[in-house]
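Colleague: Have a look at this one before I ask anything.
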Amino acid sequence: MQVIPIVGVIANRTQSLGVGALQLGEVIDQAASSSRVDAIVLDIDSPGGTVTGVPELAEKIFAARPE
């Protein structure tokens, strides 16, 4: 299992007050492709963020689900 912390505002790119959707997508892709990871847990503490990048991030999360 891999726990991915998401703390602060979610924006398209990483910023000082939060997390970037692009970078988060890369972390999810790496975890999903690892044979050592059997589950991914998103530990979210966020007030929300911008819309840009979020639909693409949602697609990556959906694609990472087990078949």
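The values are calculated or read from the model by the stated rules, or taken from the named source; none is laboratory data. All figures in this text were calculated on a predicted structure; none of them were measured in a lab. Note: ideal-geometry Cβ built from the backbone for every residue, glycine included; neighbour counts use all protein chains shown. We work out accessible area using only protein heavy atoms, side chains counted, and drop any ligands, DNA or RNA first. Shrake-Rupley method; radii C 1.70, N 1.55, O 1.52, S 1.80 Å.
Colleague: Kindly list, by first and then second residue, each pair from a residue in the range 17-40 that is without any contact (Cβ under 8 Å) to a residue 24 or more places away in the chain to a residue that is in a loop (DSSP other than H, G, I, E, B), limited to pairs with Cβ atoms under 6 Å and residues at least 6 apart or on different chains.
Modeller: Every condition considered, the pairs that remain are L17/G8; Q23/T14.
Colleague: Residue under question is A63, and the condition is that it be in contact (Cβ under 8 Å) with a residue 12 or more places away in the chain and among the small types (G, A, S); does it hold? Before the answer, list the steps.
Modeller: On the way: in contact (Cβ under 8 Å) with a residue 12 or more places away in the chain: yes; among the small types (G, A, S): yes.
Considered against the rule, which asks whether it is in contact (Cβ under 8 Å) with a residue 12 or more places away in the chain and among the small types (G, A, S), A63 comes out as yes.
Colleague: Any residue in the range 44-57 that is acidic (D, E) sitting within a Cβ distance under 9 Å of a residue that is open to solvent by 70 Å² or more (accessible area, probe 1.4 Å) and not in a helix (DSSP H, G or I)? List the pairs, counting only those 6 or more apart or interchain.
Modeller: Within 9 Å, the pairs are D45/P5; D45/V7.
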